[in-house]
Amino acid sequence: MKLSYFMMPVHEKDKDYSISLAEDVEAIELADRLGFAEAWVGEHHCSSVEPITSPLMFLANMIARTKRIKLATGVMCMSQYHPGMIAGHAAMFDHLSRGRFIMGIGPGGLPPDFELFGVTDEDRGAMMVESIDTILKIWSTDPPYDIKGKYWTTRVQDWVHDDIGLGRMVKPFQQPHPPIAVSAMSPYSGMMRLAAVRDFESISANFIGAWSVKSHWETYLDECDKQNKHPDPSRWRVARSVHVADSAEEAEDFVKQPGGAFDYYYDYLFTIFDRADMKAAFITEKDDDPEALNHEKLVDGLVIRGTAESVTEQLLAFRDEVGPFDNLVMTAHDWTDKAKMRRSMELMATEVIPAMTRAIGPTASAAE
């Protein structure tokens, strides 16, 4: 069982930006020292709560600060940029990190970002697919380029002078390309079918119910069967909100604290779900009434908390329910109490994950 880290990140909306960035840096530095396998960072442009505007720029700052942890975009919003720019930036980052790069891609993040980039009414999923196809074409071929799509044209023809290197575009360090990953949020997400068809990595979101996470694995299995492919659970990551403390009471009090890190996180997300008329996709139990959903139910139903022993038991039961993932992605929450957050990460790395590994066995995923 691997342990990874995902940060949207979410901070209190009026928190000093420099402090938020410094805490995010510190969290990934700690994750690296504790042996976390991967660090995933999101991208949002129009939210003071989720204030990292470029995951690649942020993660470039982490390359020299870390030693082993892989650095992943979670995700790059492909509908918002020309694919030629993404191809160049991603390939350069792959070299700077010496191959510690996972390229998480997605159609976009927040409604105000869609407004900003003029893609509110576009088929952003189709844009994502066209973009990654264009990028892979750039990486696998040499100029001249004349790649025509529905949304972009990528053309380098008139100024290809190979004798002086003009026209060439940077290829990635990892060959043929870095691992490409997609995120899944909705029940029976089409992203899981895309992962199966294209041999992409996948990650299920932390703010959805177990029933929805289970549907992701079922969808992936179904598409693998259609494609006559062997399903690979090692390519599926599952994110969860987890808080581990030295006592059950301490964990419960911290998670349920009004306005605290977890309460604020799910209140923020619930408000977006409510105003975007998306509550149905985020009910914690399959037969729940979306109109009865509130942020307190999200906290109670989605945050795994307790002592290391209790959290281990809860996570093993969760895995039995949803499917055989072997990379648990712990979700970052605002460091309203730095000592408690650091302690939770330490207990996850030193007690929970080793206990889960012993319980599952080193070859369980392959057998399942």
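The values are calculated or read from the model by the stated rules, or taken from the named source; none is laboratory data. From a predicted model like this one, the values you see are computed outputs, not experimental measurements. Neighbour counts are summed over all protein chains in view; Cβ atoms, including those assigned to glycine, are modelled from backbone coordinates with ideal geometry.
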Based on this model, can you work out whether residue 184 counts as crowded, with 19+ Cβ neighbours inside 10 Å and in contact with a helix residue (DSSP H, G or I) (Cβ under 6 Å, 6 or more places away or on another chain)?
yes
For region 104-126, pairs from a residue that is farther than 25 Å from residue 179 by Cα to a residue that is of a type in the set (A, V, I, L, M), with Cβ under 9 Å and 6 or more apart or across chains, are 111/272; 111/276; 113/119; 119/127
Taking region 301-326 and keeping residues surrounded by 14 or more Cβ atoms within 10 Å (Cβ to Cβ) and either out of contact with any strand residue (DSSP E or B) (no Cβ under 9 Å at 6 or more places or on another chain) or of a type in the set (Ser, Thr, Tyr) (or both) leaves 301, 307, 310, 312, 316
The residue that is surrounded by the most Cβ atoms within 10 Å (Cβ to Cβ), considering only those in region 191-203 that are in contact (Cβ under 8 Å) with a residue 40 or more places away in the chain and outside any helix (DSSP H, G or I), is 203
Picked from region 208-241 (must be among the polar types (S, T, N, Q) and touching a residue at least 12 places away in the same chain (Cβ under 8 Å)), the residue nearest to residue 293 (Cα to Cα) is 212
Note: among 284, 336, just one is β-branched (Val, Ile, Thr), more than 26 Å from residue 1 (Cα to Cα) and part of a loop (DSSP other than H, G, I, E, B), namely 336
If we ask which residues in region 33-53 are within 14 Å of the chain's Cα centre (by Cα) and either free of Cβ contacts under 8 Å to residues at least 24 places away in the same chain or exposed (fewer than 15 other Cβ atoms within 10 Å of the Cβ) (or both), their number turns out to be 0
Out of (1) assigned to a loop (DSSP other than H, G, I, E, B); (2) out of contact with any His (no Cβ under 7 Å at 6 or more places or on another chain); (3) surrounded by fewer than 21 Cβ atoms within 10 Å (Cβ to Cβ), the one residue 178 does not meet is (3)
The correct count of residues that are assigned to a loop (DSSP other than H, G, I, E, B), in contact (Cβ under 8 Å) with a residue 12 or more places away in the chain and of a type in the set (A, V, I, L, M, F, W, C) in region 63-93 is 2
*Given the structure, is residue 59 under 19 Å from the mean Cα position of the chain (by Cα), within 23 Å of residue 338 (Cα to Cα) and either assigned to a helix (DSSP H, G or I) or among the hydroxyl-bearing types (Ser, Thr, Tyr) (or both)?*
yes
Condition set in contact with a helix residue (DSSP H, G or I) (Cβ under 6 Å, 6 or more places away or on another chain) and among the hydrophobic types (A, V, I, L, M, F, W, C), scope region 64-85, selection surrounded by the most Cβ atoms within 10 Å (Cβ to Cβ): answer is 71
Within region 159-175, identify whether any single residue is modelled with pLDDT of 95 or more, of a type in the set (Lys, Arg) and either in contact with a His (Cβ under 9 Å, 6 or more places away or on another chain) or crowded, with 22+ Cβ neighbours inside 10 Å (or both), and answer yes or no.
yes
Contact list, first residue from region 10-32 and of a type outside the set (A, V, I, L, M, F, W, C), second anywhere and assigned to a helix (DSSP H, G or I) and crowded, with 16+ Cβ neighbours inside 10 Å, beta-carbon distance below 6 Å, six or more apart or interchain, is 11/20
Q: Report whether or not residue 116 is in contact with a strand residue (DSSP E or B) (Cβ under 8 Å, 6 or more places away or on another chain), surrounded by 13 or more Cβ atoms within 10 Å (Cβ to Cβ) and not in a strand (DSSP E or B).
A: no
Checking 44, 82 in turn, the sole residue that is over 24 Å from residue 327 (Cα atoms) and touching a Gly at 6+ places or on another chain (Cβ under 8 Å) turns out to be 44
### Task
Answer with yes or no whether residue 212 is on the phi < 0 side of the Ramachandran plot, in contact with a Pro (Cβ under 6 Å, 6 or more places away or on another chain) and small (Gly, Ala, Ser).
yes
Expected single match for touching a Ser or Thr at 6+ places or on another chain (Cβ under 6 Å), outside any helix (DSSP H, G or I) and not charged (D, E, K, R) among 35, 104, 99, 109 is 104
